[in-house]
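Just below is one structure, and these are the notes that go with it.
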Ligand SMILES: Cc1cc2nc3c(=O)[nH]c(=O)nc-3n(C[C@H](O)[C@H](O)[C@H](O)COP(=O)(O)OP(=O)(O)OC[C@H]3O[C@@H](n4cnc5c(N)ncnc54)[C@H](O)[C@@H]3O)c2cc1C
């Protein structure tokens, strides 16, 4: 096991991490480690445990597609996990490293004629982030196909969690609520066989639907969860907030639950816009919208 004193000099320091997020927002991480597909599981585990063992806080992110990172940035170590890899098994199961892109997995499953992951075709981010968030769309989600996942504990111990242990619910899981830092290392998913053309047709339909209904600029996807029986976007639009702007953060004119950023946007403005929208929807409709995105870093 590597010691922190050996690891620390090799890490990038004070690196802005906005470029690792979908909204392109966020100040520096004290230490940054970016894992790609050439990074072994052993190295990932080593980096994670060496920092935690030395009392350095660790935040693992994947595609950064559902997090708003503060302007002040993140204290401690940020691990950007883009370590991908897909191993197909015979029985419709697939073993996927957590840094695998959702789009890559959706395309690979479709090419093999496996159905069950078409929903992910327009969802940015990684398998790890999707497990934490129970990401989903078009009536399906991660919980529908996850069999189990390998989780690294702070001391480096590996645990295989069966699906039930994740307590999946709408865009959340036991991991999203966990107090202790955990690393999702890999996931095992199960798909069913289908006609490859039918799978491809559904993916094309979902892609076209997104192009029609969602903005193309930088964003974090849906900022708020839909409240029971309603849509956050409908409520925001009914408040007349489409196009509302703070700094360069803007409520999309295409889909009111998407907030756009332009590469210069301050996290403080993006968050202020979220709070303004939340307060206005509550004032008008008595509904307190719950953010789907997570606020990361020092606020
Ligand atoms: C344009 C756009 C459209 C979107 N559409 C959808 C949609 O239709 N449905 C939907 O559900 N979401 C949607 N999202 C949100 C986002 O794509 C999903 O939430 C996705 O699952 C986030 O994955 P990620 O890898 O980017 O996670 P991140 O944003 O990087 O992280 C999310 C959480 O997971 C944790 N995490 C990430 N990887 C690991 C790991 N390996 N180990 C431990 N913890 C980890 C992070 O610490 C954080 O708590 C959209 C986002 C955008 C920008």
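Take every Cα pair under 8 Å in the chain that's 6+ residues apart, average their separations, divide by the length, and report that relative contact order as a whole percent. Please list the in-between numbers first.
Working: 655 pairs, mean separation 56.5, N = 299.
So the answer I get is 19 percent.
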Could you run the Debye sum over the Cα atoms of region 4-81, one equal point scatterer each and no solvent, and tell me log10 of I(q)/I(0) at q = 0.16 Å⁻¹, two decimals? -0.54
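Within 10 Å of each residue's Cβ, count the other Cβ atoms and sort 1, 203, 142 from fewest upward.
Values: 1 10, 203 21, 142 28.
Ranking 1, 203, 142 by Cβ neighbours within 10 Å, fewest first, gives 1, 203, 142.
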Work out, in µm²/s and without decimals, the Stokes-Einstein translational diffusion coefficient of the chain at 10 °C, 1.306 mPa s, Rh from Kirkwood over C-alpha pairs. 80
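Read-outs: derived from the displayed coordinates by stated rules, not from any lab. Given the structure is predicted, the values throughout are model-derived calculations rather than measurements. All Cβ positions, even for glycine, are placed from backbone atoms using ideal geometry, and neighbour counts span all protein chains on display.
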